[in-house]
Amino acid sequence: MALYVQKYGGTSVGSVERIEAVADKLKTFREQGHDLVVVVSAMSGETNRLIGLASQIQAQPNPREMDVLVSTGEQVTIALLCMALDKRGISARSYTGSQVKILTDSVHTKARIRDIEVSRMREDLEAGRVVVVAGFQGVDGHGNITTLGRGGSDTTGVALAAALKADECQIYTDVDGVYTTDPRVVDSARRLDKITFEEMLEMASLGSKVLQIRAVEFAGKYKVPLRVLSSFEDGPGTLITIEDDEAVEKPVISGIAFNRDEAKLTVQGVPDIPGVASRILGPISAANVEVDMIVQNVAADQTTDFTFSVHRNDFDKAEAILQRVAAELGARGVAGDNKIAKVSIVGVGMRSHAGVASKMFDALAKEGINIQMISTSEIKVSVVLAEKYLELAVRALHSEFDLDAPEAVSES
Ligand code: ADP
Ligand code: ASP
Ligand code: MG
C-alpha cells in the first residue's frame, strides 16, 4: 500500500467520458488499498480558450487578472472528478490551490511554489478520502491567485509529492511514457523504460513538452520518484531516475528534442571593441526578452557579426530594439529570421564518447541541411536550422544514433 500523487493532463480529462474513465482508474487504485492525491489540469483546449477570450479584450491583459481567469479551468475539472468519484462510492474532496494551500511568490503567470501546507490533505487521507487538487495554480502571500506557467500542473503534482513524501509521483498523459523523441512527429520513436533527471531536464528545456521543466527540476532537487504513464492504457511508463547505473552499456544519445518557437537576429558589422555584447544584449534583457544561443564571429576587418536567438513571440520586439542599438553602435545593419528551429541530441553517454557532434553534423550534411548556429554542453548538442528541415533533421538523427524502434518501418 502506497501514497501516490497522480497528475492527469488536459487530454486525460478532456471530456465527461474521460473524467469518468479517470474515476474508474482511481477506483481500482483505491481498491488496491493505495492512498491518492490527484492533481488535474483543465480540460484540453480550455486554457487556450480562456487566453483567447482575454486577447479579444486587451493585447496585454493585466497578469493578475490573467491568473484569475486561467485558473478557472482547473476548478471545473476538480469538481467534476469528485462528482464522478462520489458516483462510484468513493469519498473525495476537491481543493483549489489557495485552499490547499499552495503558497507561491507573486510573479503572476509564472509563479514559483514556496511552500505547501499538508495538514488538510493529511486529514483527508487519514479519513480515507481521495484528495483532488487543481493543478497549475497557487496563491501568493497577499491572497492573490497565481499560476505556474503553461504545463504547470506537472509541477503541482511533483511539489505535492515532495511535500507529502509520496512513494511516487505519476504523471498520466496521452502517451505511454517518455520517448526518444516526440512520437507524434517520428513514427519510429521508442518508449524509454528509464531516463535520468539530468537528461529529462535537458529534453524538457530543449522543447520536449511532455513534462514542464520546473517539474523535472523540482523532482530532481527533492528526489521525488517520478513516472510518466498513459491514462488511456496500462503499462510501466517511463521512470525518471537519479542515475541509470544498472545499464551495462549506455546509449550515447538518449533522445532528440526540438523546438519550433525560435527566431534569430544578427547585428551585422559591429565594431569589434570591448562592451559591444553588453550594449546589444543589455537593452534586450531590460525588455524581458530571454536570449537563448549567442554566436559572435571573429573579426576580420575590425567589425564582427553578432547573432543570437530568442523566442519567436519576442522577435518583433527584439528587432525594434536592435535597430536602435545598431544605429547607436554604427553597425552595418540588422538581419532577422523567424523561421528557424532548434534540434538537440541529448544523452549522458556523450560524456564518455568522442565525435558525437561531428556524427550529428555529418548526418545533417548527408541530408543537405545547413546548420546556422551550434551550442553544446556536457550532455547535449543543439543546432539551429531552417524550420522547413526540422522533421527531416529529427528523423535523420533518430536513425543515425540508432534510436529507431526495432519494429518501425522506415518511411523514406
Ligand atoms: P498533458 O496534457 O497530459 O500534460 P502534454 O501535451 O503536455 O500532455 O504532453 C504530452 C505530449 O508531449 C505528447 O502528446 C507528445 O506529443 C509530446 N511529447 C514531446 N516530446 C515527447 C517525448 N520525447 N516523449 C513523449 N511525448 C513527447
Ligand atoms: N491548464 C494549464 C495549461 O494548459 C496547465 C496544465 O495543463 O498543466 O497550461
Ligand atoms: Mg503537459
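Against the numbered list (1) over 15 Å from Leu164 (Cβ atoms); (2) free of Cβ contacts under 8 Å to residues at least 40 places away in the same chain, Glu126 comes up short only at (1).
Annotation note: of Ala320, Ala327, the sole residue that is free of Cβ contacts under 8 Å to residues at least 60 places away in the same chain and within 18 Å of Glu262 (Cα to Cα) is Ala320. Scanning region 248-260 for residues that are at pLDDT below 90 and surrounded by 14 or more Cβ atoms within 10 Å (Cβ to Cβ) yields Lys250, Pro251, Val252. When Lys359 is tested against the conditions (1) in contact (Cβ under 8 Å) with a residue 24 or more places away in the chain; (2) more than 24 Å from the chain's Cα centre (by Cα); (3) open to solvent by less than 50 Å² (accessible area, probe 1.4 Å), the lone failure is (3). Checking each residue in region 287-337 for being assigned to a helix (DSSP H, G or I) and under 31 Å from the mean Cα position of the chain (by Cα) picks out Arg312, Asn313, Asp314, Phe315, Asp316, Lys317, Ala318, Glu319, Ala320, Ile321, Leu322.
Checking Arg49, Arg30, Arg18 one by one, the residue that is within 16 Å of ligand 2 (Cβ to nearest atom), over 28 Å from Ala111 (Cα atoms) and at pLDDT 95 or above is Arg18 and no other.
Take the conditions (1) out of contact with any strand residue (DSSP E or B) (no Cβ under 6 Å at 6 or more places or on another chain); (2) within 16 Å of ligand 3 (Cβ to nearest atom); (3) of a type in the set (D, E, K, R); Glu74 misses just one of them, which is (1).
Would a scan of region 181-191 turn up a residue that is at positive phi, away from ligand 2 (no atom under 16 Å from the Cβ) and buried (at least 17 other Cβ atoms within 10 Å of the Cβ)? No; the residues of region 181-191 include none that is at positive phi, away from ligand 2 (no atom under 16 Å from the Cβ) and buried (at least 17 other Cβ atoms within 10 Å of the Cβ). Tell me yes or no: at least one residue of region 143-150 is among the small types (Gly, Ala, Ser), open to solvent by 30 Å² or more (accessible area, probe 1.4 Å), more than 12 Å from ligand 1 (Cβ to nearest atom) and without any contact (Cβ under 8 Å) to a residue 40 or more places away in the chain. No, region 143-150 has no match at all. Scanning region 197-247 for residues that are open to solvent by 10 Å² or more (accessible area, probe 1.4 Å), closer than 18 Å to Phe136 by Cα and β-branched (Val, Ile, Thr) gives Val210, Ile213. Scanning region 115-142 for residues that are away from ligand 2 (no atom under 14 Å from the Cβ), crowded, with 16+ Cβ neighbours inside 10 Å and assigned to a strand (DSSP E or B) yields a count of 5.
Considered as a group, the residues in region 151-180 that are charged (D, E, K, R) and within 16 Å of ligand 1 (Cβ to nearest atom) include one that is most open to solvent (accessible area, probe 1.4 Å), and that residue is Asp174.
With Asp24, Asp67 as the choices, which residue is more than 12 Å from ligand 2 (Cβ to nearest atom) and touching a residue at least 40 places away in the same chain (Cβ under 8 Å)?
Asp24
Looking only at residues of region 12-57 that are in a loop (DSSP other than H, G, I, E, B) and open to solvent by 40 Å² or more (accessible area, probe 1.4 Å), we find that the one that is farthest from Tyr95 (Cα to Cα) is Gln32.
The single condition among (1) part of a loop (DSSP other than H, G, I, E, B); (2) within 16 Å of ligand 2 (Cβ to nearest atom); (3) not aliphatic (A, V, I, L, M) that Glu217 does not meet is (1).
Count, please, the residues in region 145-180 that happen to be part of a loop (DSSP other than H, G, I, E, B), away from ligand 3 (no atom under 12 Å from the Cβ) and at negative phi.
As a first pass, look at region 145-180 and keep what is part of a loop (DSSP other than H, G, I, E, B): 148-152, 165-167, 174-178, 180.
Filter again for away from ligand 3 (no atom under 12 Å from the Cβ), leaving 165-167, 176-178, 180.
Applying the additional criterion that residues be at negative phi yields 166-167, 176, 178, 180.
Of the residues in that region, 5 qualify.
Taking residues in region 210-225 that are closer than 14 Å to Gly149 by Cα, and partners anywhere that are charged (D, E, K, R), the pairs with Cβ atoms closer than 6 Å and at least 6 places apart or on different chains are Leu211/Asp154; Gln212/Asp154; Ala215/Asp154.
Of the residues Glu202, Glu233, the single one that is within 15 Å of ligand 1 (Cβ to nearest atom), in a loop (DSSP other than H, G, I, E, B) and acidic (Asp, Glu) is Glu233. Evaluating Arg190 against the criteria (1) within 23 Å of Ser382 (Cβ to Cβ); (2) of a type outside the set (Ser, Thr, Tyr); (3) modelled with pLDDT under 95 leaves one unmet condition, (3).
For region 90-114, filtering for residues that are open to solvent by 70 Å² or more (accessible area, probe 1.4 Å), part of a strand (DSSP E or B) and touching a residue at least 24 places away in the same chain (Cβ under 8 Å) leaves 1. A count restricted to region 269-291 and to residues that are touching a residue at least 60 places away in the same chain (Cβ under 8 Å) and either within 16 Å of ligand 1 (Cβ to nearest atom) or in contact with a Phe, Trp or Tyr (Cβ under 8 Å, 6 or more places away or on another chain) (or both) stands at 1.
The values are calculated or read from the model by the stated rules, or taken from the named source; none is laboratory data. All figures in this text were calculated on a predicted structure; none of them were measured in a lab. All Cβ positions, even for glycine, are placed from backbone atoms using ideal geometry, and neighbour counts span all protein chains on display. What goes into the accessible areas is simple: the full protein's heavy atoms, side chains included, and nothing from ligands, DNA or RNA. Shrake-Rupley method; radii C 1.70, N 1.55, O 1.52, S 1.80 Å.
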